[in-house]
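The values are calculated or read from the model by the stated rules, or taken from the named source; none is laboratory data. Because the structure is a prediction, the values reported are computed rather than measured. Please note: Cβ atoms are built from the backbone with ideal geometry, for glycine as well, and neighbour counts cover all protein chains shown.
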Amino acid sequence: MDIKKLARIVRVGHRIHGDRRRTVKGAGWEFYLAAIHDASRVSHGEVFESEQKEDVVAFLLAGGVQYIAIPMGGANHKARLVTLRFPPTGQ
């Protein structure tokens, strides 16, 4: 799993128009979360507004549903969903 911080560019900046007094509303950051399954190379990625734990947990749950359906080779192998354990909030 990887998280990439991407700049959100709304319009051209001061290097193009030369005026540093203009401000841009809406510019900031977006976060691309990506996960790749090692054996099958199936990937899952989503763009989020933040990298807070709620967004990461939502991403992992969505990706886990996708990865559990991947058939793995071998008669003795069964797909397993890894359970995530987080401490209760407020600690």
Those residues of segment 35-71 that are modelled with pLDDT of 80 or more and in a helix (DSSP H, G or I) come to a total of 10
Among the residues of segment 22-34, are any at pLDDT below 80, assigned to a helix (DSSP H, G or I) and exposed (fewer than 10 other Cβ atoms within 10 Å of the Cβ)? no
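For every residue, the table says whether it meets (1) more than 17 Å from Lys4 (Cβ to Cβ); (2) of a type outside the set (S, T, N, Q).
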residue	(1), (2)
Asp19	yes, yes
Val24	yes, yes
Ala27	yes, yes
Ala39	yes, yes
Ser43	no, no
Phe48	no, yes
Val57	yes, yes
